[in-house]
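**Student:** Structure provided below as structure tokens; questions to follow.
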């Protein structure tokens, strides 16, 4: 009798495991995969994981191994963590990639010769797109004077010195280093 009572107690252990697994899978896809991995996560992985958790919870409740409240909190924890991560996908992706590989990205950018026309040194940092819709490109930009710092806070479309096109977004990665998102269809030197 004591063994049966032990299995049906409320436990935060399973909700914590599920939330941790959601974070780990999401981070692996966001940081290590392509920018379009978000779509794969939303359309395939998140629904499949939710369905598995739901079926597992129903079975566990029916076999009296888990209380309903534990199962419900586990499902809510998964949904909350998944939603929070998806809302912040690009921030998580940029921060993770910068944390892990900034040294090699910096070396690649700084190895470039300075532009005679005053454009910032840059490399392609990220990108995504769909056939027929065009590609969106994000460039990693080195700004030695840190002149993009104020633009990174404005969150508005702007034409900047040192960047050939009007851009909708500038994100600061660290001092002098920025992720600059171009409009879909535009690339460095080819503005619409």
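**Student:** Could you say which residue among 123, 61 is in contact with a helix residue (DSSP H, G or I) (Cβ under 8 Å, 6 or more places away or on another chain) and either in a loop (DSSP other than H, G, I, E, B) or not assigned by TED's automatic domain parsing to the domain that holds residue 167 (or both)?
**Tutor:** None of the other options fit; the residue is 61.
Each row is one residue, and each column tells you yes or no for (1) surrounded by 12 or more Cβ atoms within 10 Å (Cβ to Cβ); (2) over 22 Å from the mean Cα position of the chain (by Cα); (3) part of a helix (DSSP H, G or I).
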{"site": "107", "(1), (2), (3)": "no, yes, yes"}
{"site": "129", "(1), (2), (3)": "yes, no, no"}
{"site": "147", "(1), (2), (3)": "yes, yes, no"}
{"site": "150", "(1), (2), (3)": "no, yes, yes"}
{"site": "171", "(1), (2), (3)": "yes, no, no"}
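**Student:** Take the residues of segment 88-102 that are surrounded by fewer than 15 Cβ atoms within 10 Å (Cβ to Cβ) and at pLDDT 90 or above: which is nearest to residue 179 (Cα to Cα)?
**Tutor:** 102
**Student:** I'd like the full set of residues that are closer than 17 Å to residue 190 by Cα, touching a strand residue (DSSP E or B) at 6+ places or on another chain (Cβ under 9 Å), in contact (Cβ under 8 Å) with a residue 12 or more places away in the chain and loosely packed, with under 14 Cβ neighbours inside 10 Å, limited to segment 109-127.
**Tutor:** 124, the sole residue that qualifies.
**Student:** Looking for something over 20 Å from the mean Cα position of the chain (by Cα) and in contact (Cβ under 8 Å) with a residue 60 or more places away in the chain - is there at least one such residue anywhere in segment 82-105?
**Tutor:** No, segment 82-105 has no match at all.
**Student:** Name the single residue, out of those in segment 131-144 being under 18 Å from residue 107 (Cα atoms) and out of contact with any helix residue (DSSP H, G or I) (no Cβ under 9 Å at 6 or more places or on another chain), that is surrounded by the fewest Cβ atoms within 10 Å (Cβ to Cβ).
**Tutor:** Filtering first and then ranking leaves 144.
**Student:** Here's a follow-up. So is residue 105 in contact with a helix residue (DSSP H, G or I) (Cβ under 9 Å, 6 or more places away or on another chain), closer than 19 Å to residue 34 by Cβ and modelled with pLDDT of 90 or more or not?
**Tutor:** Yes.
**Student:** Looking at segment 152-169 only, could you name the residues that are loosely packed, with under 13 Cβ neighbours inside 10 Å and either within 22 Å of residue 103 (Cβ to Cβ) or under 22 Å from the mean Cα position of the chain (by Cα) (or both)?
**Tutor:** 153, 154, 155, 156, 157
**Student:** While we're here: Assuming residue 173 fulfils every condition listed in (1) in contact (Cβ under 8 Å) with a residue 60 or more places away in the chain; (2) in contact with a helix residue (DSSP H, G or I) (Cβ under 9 Å, 6 or more places away or on another chain); (3) within 18 Å of residue 119 (Cβ to Cβ) apart from one, which condition is it?
**Tutor:** That leaves (3) as the condition not met.
The values are calculated or read from the model by the stated rules, or taken from the named source; none is laboratory data. If you're wondering where the values come from, they're calculated on a predicted model, not measured in any experiment. So basically every Cβ, Gly included, is an ideal-geometry build from the backbone, and we count neighbours across all protein chains shown.
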